[in-house]
Amino acid sequence: MGVWWIRRDARLADNPALLAAQEDGPAAAVFAWSRGVHLWSGRRRAHLARVLWSLREDTGGAVGVRRGDPADVVLAVAREHDARVVFAAREASPAGIRAQDAVAAALASDGRELRLVGTPYAVAPGRVVKTDGTEYKVFTPFSHAWREHGWRIPAPAADPTAFLPTTSDVSLDQEAARGDADDPLAARHEFREARIREAWASYVETGLDRYAAERDRPDLDSVSHLSVPLAYGQIHPRTVLAATGAIRGEAARTLESELAWREFHADVLFRHPQAQRASLTAVMPDDAWAAGPEADAAFMAWRDGRTGFPLVDAGMRQLAATGTMHNRVRMVVASFLVKDLHLPWQRGAEHFRRALLDYDHAQNQLNWQWVAGTGRDAAPFFRIFNPTAQADRFDPDRDYVRRWVSEVDTPAYPTPMLDHAAEREVALADLRRGKAGRAGR
Ligand SMILES: Cc1cc2nc3c(=O)[nH]c(=O)nc-3n(C[C@H](O)[C@H](O)[C@H](O)COP(=O)(O)OP(=O)(O)OC[C@H]3O[C@@H](n4cnc5c(N)ncnc54)[C@H](O)[C@@H]3O)c2cc1C
């Protein structure tokens with residue numbers, strides 16, 4: 001008899017940890033609704049509650065959701081079911097590793113075992129290495145080695161009837177309602193596993209062929225929208241790669257390459273856990289960053305979509321309303337925060353943590369570092385996005401901007417809060433000072 005500890009893998013399909021738990025017959029399943037979840041934004045908590053609600057529906061009500069630290073919750077459920085082994089997917093982020101170490105220790109002290117099976121990635125972080133065993137620091141060779149390493153075909157779906165009922169002390173209805181009340185304007189996203197797989201299959205049929213040509217266009221709906229289900233583990237990247245692998249052409253290769261970025265960032269965070277807060281490369285002098293009331297006011301204008309730069313404001317309003325933002329626009333708003341407002345990337349990343357529904361620690365922190373020029377194989381700092389030129393190029397008919405900033409062409413819309421050309425020069429001068437300072441050390 002096994003227990004499945006549910007982590008970022010709330011799905012029945014292609015789930016090796018769950019299959020391992022069910023190998024000798026029905027398994028118990030539990031999710032630990034820990035204190036950490038209470039630090040999440042209302043929209044994320046509400047969505048998580050719906051995801052778990054749906055998983056419970058799919059298993060005939062058997063899945064347990066318990067309040068408490070994973071170490072206490074998982075041990076209690078293992079004892080209740082007299083299970084010697086608990087199965088779970090291996091995490092690679094600092095918090096994920098801390099949690100699995102604590103659960104393993106609690107189980108071991110009671111004569112039980114945590115067995116980690118699979119990860120939320122096609123290739124486990126840390127696995128792709130050069131021939132001398134060291135890490136790839138540059139994305140393109142990493143992605144070639146990643147493809148060469150390859151991945152298994154998707155695992156068969158688990159038996160939804162092979163679950164032992166586990167009691168819950170968290171009301172998912174109530175948690176969803178509370179989360180919604182904290183965040184009343186947030187749009188709902190699909191939370192049922194079967195619907196998510198259907199949406200992906202239909203995207204493969206009817207949308208994917210436009211991906212390579214149109215993925216940078218926020219005005220067109222040409223992207224996969226996989227980031228939310230990937231963040232909660234409702235679909236595994238192996239399932240996605242199995243579908244794209246069967247398709248010829250540039251679109252499928254491009255989508256695979258974007259998934260390779262996801263794996264690259266997870267690999268970087270696994271190897272360099274400090275990257276969750278600290279810049280991997282020092283680029284700017286410490287005194288380059290704006291602080292004080294004016295900087296706070298600038299931050300709030302950015303956060304609320306009132307900068308007077310339509311593409312930046314549209315992105316920030318899309319984020320506030322939906323919990324997601326188009327990738328091209330994420331890059332533009334992030335560049336604006338760091339290089340026009342001269343605010344540290346960590347401040348923007350922290351706001352994204354609260355606002356994103358697809359929040360993923362490795363992807364968020366490392367993408368912010370990519371834009372700030374401080375990450376692994378990042379965009380060089382001197383590549384400063386011009387928010388007006390980006391809008392002209394990627395939203396040529398202004399459909400995206402008009403959708404999110406309805407007052408854009410009226411007197412109600414603010415004038416630009418700064419002169420981009422002038423701020424660009426300030427950022428570049430800071431960059432030169434930073435270089436000179438490091439050279440002189
Ligand atoms: C500042 C910043 C913060 C970000 N924060 C997050 C985050 O918290 N969570 C998150 O999932 N993504 C994050 N991204 C990456 C990217 O913007 C989103 O994954 C993407 O917009 C999601 O839309 P989609 O699923 O339709 O993407 P598609 O274009 O359809 O891509 C398919 C999948 O590929 C992966 N992918 C695509 N672009 C990237 C990328 N740049 N880096 C890593 N993986 C990528 C994602 O898993 C995505 O779901 C961030 C990007 C930036 C610039």
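In region 236-260, of all residues being within 21 Å of ALA145 (Cβ to Cβ) and of a type in the set (Val, Ile, Thr), the one that is surrounded by the fewest Cβ atoms within 10 Å (Cβ to Cβ) corresponds to THR254. Scanning for something within 15 Å of the ligand (Cβ to nearest atom), among the charged types (D, E, K, R) and open to solvent by 10 Å² or more (accessible area, probe 1.4 Å), does region 282-294 turn up at least one residue? Among the residues of region 282-294, not one is within 15 Å of the ligand (Cβ to nearest atom), among the charged types (D, E, K, R) and open to solvent by 10 Å² or more (accessible area, probe 1.4 Å), which makes the answer no. Among the residues of region 211-227 satisfying the criterion of being part of a loop (DSSP other than H, G, I, E, B) and more than 10 Å from the ligand (Cβ to nearest atom), which is surrounded by the fewest Cβ atoms within 10 Å (Cβ to Cβ)? Among residues in region 211-227 that are part of a loop (DSSP other than H, G, I, E, B) and more than 10 Å from the ligand (Cβ to nearest atom), the one surrounded by the fewest Cβ atoms within 10 Å (Cβ to Cβ) is LEU220.
Close contacts from region 293-314, counting a first residue that is among the β-branched types (Val, Ile, Thr) and a second that is at pLDDT below 95, with Cβ to Cβ under 8 Å and a gap of 6+ residues or different chains, come to none at all.
Residue count for region 66-75 under the criterion of being crowded, with 22+ Cβ neighbours inside 10 Å and either charged (D, E, K, R) or under 24 Å from the mean Cα position of the chain (by Cα) (or both): the result is 1.
Residues of region 92-109 include at least one that is polar (S, T, N, Q), open to solvent by less than 40 Å² (accessible area, probe 1.4 Å), in a helix (DSSP H, G or I) and at negative phi.
Being more than 12 Å from the ligand (Cβ to nearest atom) and open to solvent by less than 20 Å² (accessible area, probe 1.4 Å) narrows it down to one residue among ALA201, ALA266, ALA298; which is it? Answer to the check: ALA298. Answer yes if at least one residue in region 76-89 is at pLDDT 95 or above, open to solvent by less than 10 Å² (accessible area, probe 1.4 Å), of a type in the set (Gly, Ala, Ser) and in a loop (DSSP other than H, G, I, E, B), and no otherwise. Checking region 76-89: at least one residue is at pLDDT 95 or above, open to solvent by less than 10 Å² (accessible area, probe 1.4 Å), of a type in the set (Gly, Ala, Ser) and in a loop (DSSP other than H, G, I, E, B). Condition check: more than 24 Å from LEU12 (Cβ to Cβ) and either open to solvent by less than 50 Å² (accessible area, probe 1.4 Å) or outside the structural domain of PRO70 (by TED's automatic domain parsing) (or both). Does VAL138 satisfy that? Answer is yes for this residue. The residues of region 1-48 that are open to solvent by 20 Å² or more (accessible area, probe 1.4 Å), part of a helix (DSSP H, G or I) and more than 18 Å from GLY179 (Cβ to Cβ), listed by number, are PRO16, LEU19, ALA20. Look at (1) within 19 Å of GLN234 (Cα to Cα); (2) touching a strand residue (DSSP E or B) at 6+ places or on another chain (Cβ under 7 Å); (3) among the aliphatic types (A, V, I, L, M) and you find that ALA155 fails only one, number (2).
Of GLN369, GLN365, GLN390, which residue is within 16 Å of the ligand (Cβ to nearest atom), modelled with pLDDT of 95 or more, touching a helix residue (DSSP H, G or I) at 6+ places or on another chain (Cβ under 7 Å) and more than 30 Å from ALA46 (Cα to Cα)?
Numbers: GLN369 fails: more than 30 Å from ALA46 (Cα to Cα); GLN365 fails: more than 30 Å from ALA46 (Cα to Cα).
None of the other options fit; the residue is GLN390.
Scanning region 310-328 for residues that are within 9 Å of the ligand (Cβ to nearest atom) and more than 20 Å from ARG44 (Cβ to Cβ) yields a count of 1.
Based on what the data block shows, is TRP146 assigned to a loop (DSSP other than H, G, I, E, B), surrounded by 15 or more Cβ atoms within 10 Å (Cβ to Cβ) and hydrophobic (A, V, I, L, M, F, W, C)? So TRP146 does not fit the description; no. Can you confirm whether region 215-223 contains a residue that is among the acidic types (Asp, Glu), modelled with pLDDT of 95 or more and either within 28 Å of ARG45 (Cα to Cα) or in contact with a Pro (Cβ under 8 Å, 6 or more places away or on another chain) (or both)? For region 215-223, residues among the acidic types (Asp, Glu), modelled with pLDDT of 95 or more and either within 28 Å of ARG45 (Cα to Cα) or in contact with a Pro (Cβ under 8 Å, 6 or more places away or on another chain) (or both): present. Selection over region 228-259 of residues that are free of Cβ contacts under 8 Å to residues at least 60 places away in the same chain, away from the ligand (no atom under 11 Å from the Cβ) and not in a loop (DSSP other than H, G, I, E, B) gives a count of 5. Of all residues in region 340-362, which are more than 9 Å from the ligand (Cβ to nearest atom), under 25 Å from VAL51 (Cβ atoms) and not hydrophobic (A, V, I, L, M, F, W, C)? Residues satisfying the conditions are GLU350, HIS351, ARG354.
The helices (runs of 4 or more DSSP H) found entirely in region 345-441 that carry 3 or more residues being surrounded by fewer than 18 Cβ atoms within 10 Å (Cβ to Cβ) and charged (D, E, K, R) are 345-355, 399-404, 420-440. Only one entry of ALA314, ALA282, ALA275, ALA266 meets the criterion of being of a type in the set (Gly, Ala, Ser) and not in a helix (DSSP H, G or I), and that entry is ALA282.
Tell me which residues, restricted to region 113-135, are of a type outside the set (A, V, I, L, M) and surrounded by fewer than 19 Cβ atoms within 10 Å (Cβ to Cβ). Across region 113-135, the qualifying residues are GLU113, ARG115, GLY126, ARG127, LYS130, THR131, ASP132, GLY133, THR134, GLU135.
Residue pairs whose Cβ atoms lie under 6 Å apart, sitting 6 or more positions apart in sequence or on different chains, and linking a residue in region 85-97 that is more than 13 Å from ALA32 (Cβ to Cβ) to a partner that is of a type in the set (D, E, K, R) and in a strand (DSSP E or B), are VAL85/GLU113; VAL85/ARG115; PHE87/ARG115.
The values are calculated or read from the model by the stated rules, or taken from the named source; none is laboratory data. These numbers were taken from a predicted model, which means no experiment stands behind them. Ideal geometry is used to build each Cβ from the backbone, glycine not excepted, and the neighbour counts take in all protein chains shown. Calculation scope for accessible area: heavy atoms of the full protein, side chains included, ligands and nucleic acids excluded. Shrake-Rupley method; radii C 1.70, N 1.55, O 1.52, S 1.80 Å.
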